[in-house]
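The values are calculated or read from the model by the stated rules, or taken from the named source; none is laboratory data. Note that the coordinates shown come from a computational prediction; the quantities given were computed from them, not determined experimentally. Backbone-built Cβ (ideal geometry, glycine too); neighbour counts: all protein chains shown. Keep in mind that these areas ignore ligands, DNA and RNA; they rest on the heavy atoms of the full protein, side chains included. Shrake-Rupley method; radii C 1.70, N 1.55, O 1.52, S 1.80 Å.
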Amino acid sequence: MHFKMKLAIALCGTIFFTSPISAQDSTWQQVLGGWVDDVYYKNLFLGGTYYTRISLADIDADGDLDMFYGGGDSGSLVFFENVGTAENPIFQFALEEFPGLVNMPAYYGGTVDVDFGDLDADGDLDAAYSPTLVIGGSICWNDGTIYEPDFNFSFSHPNGPVEGQSNVTLVDIDFDGDLDYFSGFGFNGFQMFFAENIGTPEAPVWERRTRFYQDIDFGIPFDFDFGDIDNDGDYDLIVCKHGGNIAYYANVGGPREPHFEHVTDDFLPDRDTTD
């Protein structure tokens with residue numbers, strides 16, 4: 001089953017050092033932890049990233065979710081391996097550039113977004129990719145295995161947006177058995193672009209439907225994901241808005257004819273995502 005979730009937090013860049021860092025001597029060592037008001041914080045001095053876009057996927061089929069975020073210098077995906085368990089995840093920095101998901105045209109210093117799903121029904125995870133601005137979405141086919149993915153970046157456009165604060169989400173929004181394609185479209189009102197999969201689970205064909213899905217206008221840059229928030233059997237919409245607000249749109253139409261109704265802009269009180 002396709003599973004992916006965007007974390008509604010600002011990700012701190014987690015790089016672990018096991019030996020001193022030095023220029024010409026060995027007197028310098030990075031300190032990650034520190035004390036505040038008699039409380040020790042393990043990662044107090046980690047830095048952050050800007051316009052971070054986070055995706056979770058069990059990329060190595062070991063039963064837990066690993067983490068990716070778009071923020072590499074050349075349009076690449078930074079990879080954090082889950083070295084813990086499914087119940088107690090521990091995300092450890094592994095790769096600055098995940099093989100096959102590098103040098104993707106992007107903007108804002110390489111900020112990109114990706115979502116994973118089995119797009120050709122061969123049992124492994126493929127990737128749908130969207131940059132910030134510049135071009136439409138593309139597909140990275142997985143020519144490897146579920147344990148050792150081998151991504152082949154292609155310019156097979158699912159008719160994605162040609163400009164905007166792009167972020168991509170794959171979801172079977174109409175419950176017809178295949179994955180449809182959503183991405184952000186920012187320059188004309190900060191809306192959602194939608195391309196319907198009119199193909200099959202084995203051979204997807206995305207057809208452009210609208211740059212303004214259900215006339216929903218967020219007004220500012222955003223990131224989003226779908227999930228059954230109220231446990232009624234259809235997909236609802238969670239939106240992380242630039243500046244910190246997390247909005248919730250309930251699906252009041254049902255699984256096959258979704259219709260999203262705004263519920264709140266403060267879905268998680270006292271939880272901000274900053275940028």
- Having 1 or more residues that are at pLDDT below 80 is the bar; report the strands (runs of 3 or more DSSP E) wholly within the stretch 181-251 that clear it. 222-227, 236-241
- Query: For the stretch 195-206, what are the residues that are of a type in the set (D, E, K, R) and open to solvent by less than 70 Å² (accessible area, probe 1.4 Å)?
  - Reply: E196
- Considering G100, G75, G109, which residue is of a type in the set (G, A, S), in contact with a Pro (Cβ under 7 Å, 6 or more places away or on another chain) and either modelled with pLDDT under 90 or part of a strand (DSSP E or B) (or both)? G75
